[in-house]
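Please read the structure below before turning to the comments.
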Amino acid sequence: MKIFNLSIECYPVAKVGGLADVVGALPKYLNKIEGVEASVIMPWYNKPFVHDHSFELVFDGWIHQHDQTFQVMVMKERSKILGFDLYLVKIPGLLDRENPYGYWDESQQFLAFQHGVLHWLTAMKIRPDILHCHDYHTGLVPFMIENCPEFNFLKGVKTIGTIHNGEYQGQMRWEMAKYFPWFYGENWGLLDWNGYINPLATMIKCCHAFNAVSGGYMDELFENFRGLEILVRQEHAKANGIINGIDTEIWDPKIDPFLDFNYGKEDAGIGKWNNKKELCSTYGLNPDLPLFSFIGRFAGEKGADFLPEIVEKSIQETRGSLNIIILGSGDKNIENQLSTLSSKYSNFAVDLGYKEYLSHQIYASSDFLLMPSRVEPCGLNQMYAMRYGTIPIVRYTGGLRDTVEDISTGGSGLNFGEASANGAVHAVHRALSIYHEEGLMDQLVQSNMNYDFSWEKSAQKYWDLYKK
């Protein structure tokens, strides 16, 4: 079975969030299943990976968008170093930039990507069994292959849509329709939602099946989906929930090249302690204190606006008997508040930006990981943390409630229900009690490292969906 994954992100080529980790791992693990040939198609970016690896040009053509003509080049990575075939779509003037997001014309960029991919497949008579569309950026593909005569060759190809984050739907004004490949006008309603073109809604309407990245998140979408609740209920027969996995070949404290000290379950205590001392030395923290961390985007859905209050209240209420380190970026107001607090408190450090190596070091060094998310479709950070023997403190929502069970009910993490700074701070106090209870921390570290969040299980569930 030939499967093409269409995505804007893929680790390690270009990463902004968890989407990249999923797309960089799922096809690799699918390819371990007999009879599966999974690949990734994504835009070309001016990134180190592109310049450090060898590519061959497999297609060179042209597409028309409104009154403009664009060259479409498709390049294939030669070595298959990622465990799957990787294709990059380069469109000079649109898909030849530094980053996946943040451009004024990104709606046109994403349209051109989808158009370019389907033009290439049609021109070269490449007909996959499955086109797996990840998030709204590729959500128009199921519509295009059925309603654009240009792609009649692909008509009937099965499509799967994965909702990684329903908060982002790609809504655009109808004037953007002029950039589409010509489509049958009587089917305009498949694109429309409340007077706008909504690519995520279109994906749900037109794909053969769709899934959210956890069962808990799929349940939540039926009740709260930023206006698409009625649609997902109408299409419930196509709905599935499949929890993400983590790439245990990359996220393994025994062999992780980013760590100062590698360790396994048998020596996790000394291994985490040595990494913690090194990290605390770098940031001027006291390694004898419990270390709490946050890693992620400074966005409302992540509960990042709670962070300044969480930091200040936790330090004040515990009289400074803990360390906190935060790695992330995003909302400038949050960045400024955290920077101010790092100058105020010697036991709080913040590193603005995203550094892959540092995230690994923080997971290995931390005693507890904070995830005060308002919305968390799946969450990978809690799985990385548990893999590295760190105890997750999570709000009970979405994929977090599917993967982190509270210690009070036999689990190895801490849950809190209220999306607020107070809810998180209360959980911090619980964590400190656990930290000082002799033997319990070691037991929880071992328990967390025994959890299996590998992609083998999740890839099998996707394979079952493809066959269905």
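The values are calculated or read from the model by the stated rules, or taken from the named source; none is laboratory data. The model shown is predicted, which means the values in this text are computed figures rather than measured ones. Quick reminder, even Gly has a Cβ in these numbers, built from the backbone with ideal geometry, and neighbours come from all protein chains shown.
Structural remarks
- Whenever a residue of segment 146-158 is touching a residue at least 12 places away in the same chain (Cβ under 8 Å), its partners that are part of a loop (DSSP other than H, G, I, E, B) and buried (at least 20 other Cβ atoms within 10 Å of the Cβ), lying with C-beta atoms within less than 6 angstrom and at least six residues away or across chains, give the pairs ASN147/PHE183; CYS148/PHE183.
- Search result, residues across segment 384-401 that are over 18 Å from GLU301 (Cα atoms) and touching a Ser or Thr at 6+ places or on another chain (Cβ under 6 Å): THR390
- Hey, TYR168 in contact (Cβ under 8 Å) with a residue 24 or more places away in the chain, assigned to a loop (DSSP other than H, G, I, E, B), under 21 Å from SER373 (Cα atoms) and not charged (D, E, K, R) or not: yes
- Residue in segment 6-28 that is among the acidic types (Asp, Glu) and closer than 24 Å to VAL213 by Cβ present: yes
- Candidate set: segment 93-113, residues that are closer than 10 Å to HIS137 by Cβ and either aromatic (Phe, Trp, Tyr) or outside the structural domain of LEU200 (by TED's automatic domain parsing) (or both); chosen: the one modelled with the lowest pLDDT: TYR101
- From the options ARG430, ARG387, residue that is in contact with a Phe, Trp or Tyr (Cβ under 9 Å, 6 or more places away or on another chain), within 23 Å of GLY264 (Cα to Cα), basic (Lys, Arg) and not assigned by TED's automatic domain parsing to the domain that holds GLY17: ARG387
- Residue match in segment 29-46 (condition: among the basic types (Lys, Arg), in a loop (DSSP other than H, G, I, E, B) and under 23 Å from the mean Cα position of the chain (by Cα)): yes
- Index of the failed condition, GLY417 passing every other in (1) within 22 Å of the chain's Cα centre (by Cα); (2) within 22 Å of ASN165 (Cβ to Cβ); (3) surrounded by fewer than 24 Cβ atoms within 10 Å (Cβ to Cβ); (4) not basic (Lys, Arg): (1)
- When GLY410 is tested against (1) more than 23 Å from LYS254 (Cα to Cα); (2) in contact with an Asp or Glu (Cβ under 9 Å, 6 or more places away or on another chain); (3) at pLDDT below 95, only condition (2) is not met.
- Residue in segment 296-306 that is within 26 Å of LEU444 (Cβ to Cβ), more than 20 Å from the chain's Cα centre (by Cα) and assigned by TED's automatic domain parsing to the domain that holds MET383 present: yes
- Of all the numbered requirements in (1) within 20 Å of SER420 (Cβ to Cβ); (2) crowded, with 17+ Cβ neighbours inside 10 Å; (3) of a type outside the set (Val, Ile, Thr), ASN333 misses one, and that requirement is (2).
- Listed by position, the strands (runs of 3 or more DSSP E) enclosed by segment 51-140 that each have at least 1 residues that are surrounded by fewer than 20 Cβ atoms within 10 Å (Cβ to Cβ) and over 24 Å from the mean Cα position of the chain (by Cα) are 55-65, 68-77.
- Residue in segment 430-438 that is within 15 Å of GLY216 (Cβ to Cβ) and crowded, with 17+ Cβ neighbours inside 10 Å present: no
- Condition check for SER365: surrounded by fewer than 17 Cβ atoms within 10 Å (Cβ to Cβ) and in contact with a Leu (Cβ under 8 Å, 6 or more places away or on another chain): no
- Residue that is surrounded by 15 or more Cβ atoms within 10 Å (Cβ to Cβ), within 25 Å of the chain's Cα centre (by Cα) and among the basic types (Lys, Arg), where the choices are LYS238, LYS313, LYS254: LYS238
- Listing of strands (runs of 3 or more DSSP E) fully contained in segment 342-411 that carry 2 or more residues being over 28 Å from GLU167 (Cα atoms) and charged (D, E, K, R): none
- Qualifying residue in segment 457-466 (condition: hydroxyl-bearing (Ser, Thr, Tyr), buried (at least 24 other Cβ atoms within 10 Å of the Cβ) and touching a helix residue (DSSP H, G or I) at 6+ places or on another chain (Cβ under 9 Å)): yes
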